[in-house]
Amino acid sequence: MSGPAAGPRERRLGVSLGRIAGIPVILTWPWFLVTVIITVFFGPRVEANFPGIGLGAYVVALGYALLLALSVLIHEFAHALSARAFGWPTRQIVLNLWGGHTQFEHFSSSPGRSLAVALAGPASNFLLALVSWGIILASEQGTVVDLLANTLFWANLILAVFNVLPGLPLDGGRIVESAVWKATGSQDRGTIAAGWAGRVIVLLFVGLVLGLPLLSGRAPQFTLVIISVLVATFMWAGAGEAIRTARIRLRIPGLTAGMLKQPAIGLPSASTVSELRRLAAGRPDLAAVLLDAEGRPEFVVDFGALADVPEEAAGTTRASTSVRPLASRAGIDESASGQELLKLLDSSDGFEFPVTNAQGAVTGVLHRLAVIDALTGKRTPGSA
């Protein structure tokens, strides 16, 4: 295991463990909290099995926490290796509060490949469970090795089975995603279906944890309830995020600058408030863009600030006395759409962009917030 020191962003995430097979591995700060909890919770159990071991019980418990982290790392590394087989670049592996995740760069996928990469993780846990079972058979019962091997066996078996359940954010959610993707030709529709499947699994999971004890006349164990609530919250949030992200991606192709723009007129920079008011009469939705000497859009007029200019002074007061600079002086064509439009907006940190027609004349102002609202469903493209 080797690699260069972590960059600033990686240091914010946690501790860099270097690189494995060229893939950066990050240990996030919450992982240390989980390790402490596992050590404190598992330590008394070890001490109960081995009276007189003393503080050594917590050393064994820490060893279990590290073996569990290794299991998660192998799980994520299996994702990365299978992705590499398809030529997908892996950005990094992150071990966090809930286990871990593998971050990929942009790539072109297919239903079959996506499913293969997703299921490689649970397959590695099944393999680790088999290895642990072999250690159990080969070791002497009642020893520390036997205890750790048993715990690791059940941890990996549960991790594998739980992860193949068909709903996001679990790896098995790719089963649903790939099936719908194959049927509809849309990965995003598959992701939405898998996200809803994940929510159904959460409800069933909570129902089983709370319902089974109650049906048998027993109160659910407090510790089990707390763990179940945490797991359910994580899964529900992950499923919801998958659904929201997929819906945004589905909306991207339908976005155009012409649909989302605020109508505007282009005026010479020397235009007066009086001229502006006359042209904008009866058009409360109209924006005004001031042009430079070469006819390029330069500023957006702040109508609110100019409203205080008295009528007797409007003929001599220039509209340029209250303006906002445009994010770019290069107009965005009305036909710009989808990813092309988003790339144009990403080229600047500003909030307002001039929109032009095929002849280069200013026809509108595109507000970044309008695009965000359209992506998130708060506004329908083409609506006022």
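For a straight C-alpha distance cut-off of 20 angstrom, the aspartates and glutamates reachable from Lys261 (same-chain residues fewer than eight places away being disregarded) are Asp285, Glu298, Asp302, Asp333, Glu334, Glu340, Asp346, Asp349, Glu352, Asp373. Beta bridges from DSSP with both residues in segment 203-314: antiparallel share about 40 percent, rounded to the nearest 5. For Lys182, a cut-off of 18 angstrom between C-alpha atoms picks up these aspartates and glutamates, skipping any fewer than 8 places away in its own chain: Asp171. Rounded to the nearest 0.05, the FRET efficiency derived from the C-beta distance between Ala21 and Leu369 at R0 = 56 Å is 0.85.
The antiparallel fraction among DSSP beta bridges confined to the chain stands at about 75%.
Whole-percent P(r), segment 102-151, all Cα pairs, 10 Å bins from 0: 22, 33, 19, 18, 8, 0.
Between the residues Ala194, Gly217, Ile265, the greatest Cα displacement towards the positive end of the dipole of segment 149-279, with unit charges on the Cβ of Lys, Arg, Asp and Glu, is found for Ile265. Here segment 80-176 is assigned +1 on the Cβ of each Lys and Arg and -1 on the Cβ of each Asp and Glu. Its dipole about the Cα centre then comes out at about 380 debye. Counting 0.36 nm for each residue step from Lys182 to Asp302 and taking away their Cα separation leaves a gain of 38.1 nm.
Using Cα pairs closer than 8 Å and at least 6 residues apart in sequence, work out the relative contact order for the chain, in percent.
10 percent
Membrane-span-like helices of the chain, defined as complete DSSP H segments with a Cα extent of 30 Å or more along the helix axis and a mean Kyte hydropathy of at least 0.0, are identified as 29-49, 56-85, 111-138, 187-215, 222-251. Using alpha carbon centroids, what distance separates segment 113-127 and segment 270-340, in Å? After rounding, the separation between the Cα centres reads 57 Å.
Once you compute Rg and the Kirkwood Rh from C-alpha atoms, what is the Rg to Rh ratio for segment 50-105? Answer for segment 50-105: 1.24. Pairs of Cα atoms in the chain fall into 20 Å distance bins, from 0 up to the last occupied one, in shares of 21, 40, 25, 12, 2 percent.
Going by the alpha-carbon gyration tensor, a ≥ b ≥ c the square roots of its eigenvalues, is segment 131-237 rounded (a/c under 1.5) or, if a/c is not under 1.5, prolate (a/b greater than b/c) versus oblate?
In terms of gyration-tensor shape, oblate.
Site pair Ser269 and Glu311 shows an inter-label distance of 3.1 nm when each label is modelled 7 Å from Cα along Cα→Cβ. Amide H to amide H distances under 5 Å link Val323 with Asp302, where only residues 5 or more positions off or on other chains count and H is placed in the peptide plane. The residues of the chain have, on average, 53 Å² of accessible surface per residue, using a 1.4 Å probe with all protein chains present.
Note on segment 201-285: Rg/Rh from Cα positions, Kirkwood definition for Rh, rounded to two decimals, is 1.51.
Taking the Cα centre of the chain as reference, the dipole from Cβ charges on Lys and Arg (+1) and Asp and Glu (-1) amounts to some 600 debye.
Any chance you could check the Cα centroid distance between segment 128-170 and segment 214-241 for me, in angstrom? A separation of 22 Å, based on Cα centres.
By the Kirkwood approach, averaging reciprocal distances over each pair of separate Cα atoms, segment 113-189 gets a hydrodynamic radius of 13.8 Å. Taking Gly121, Gly22, Gly282 in turn, the Gaussian network model of the chain (Cα-Cα springs below 10 Å) assigns the largest fluctuation to Gly282. Report note on the peptides 242-255, 308-321: ranked by the mean count of other C-beta atoms within 10 Å, highest first, their order is 242-255, 308-321.
The portion of the accessible surface of the chain made up by carbon and sulfur, rounded to a whole percent, is 65 (1.4 Å probe; DNA, RNA and ligands excluded). Spacing of the modelled spin labels on Arg45 and Ala219, each 7 Å from Cα toward Cβ, amounts to 2.3 nm.
The values are calculated or read from the model by the stated rules, or taken from the named source; none is laboratory data. This one's a predicted model, so the numbers in the text were calculated from it and none came from an experiment. Methodologically, a virtual Cβ is constructed for each residue, glycine included, from the backbone with ideal geometry; neighbour enumeration extends over all protein chains shown. Quick note on the areas: whole protein, heavy atoms, side chains included, nothing else; ligands and nucleic acids left out. Shrake-Rupley method; radii C 1.70, N 1.55, O 1.52, S 1.80 Å.
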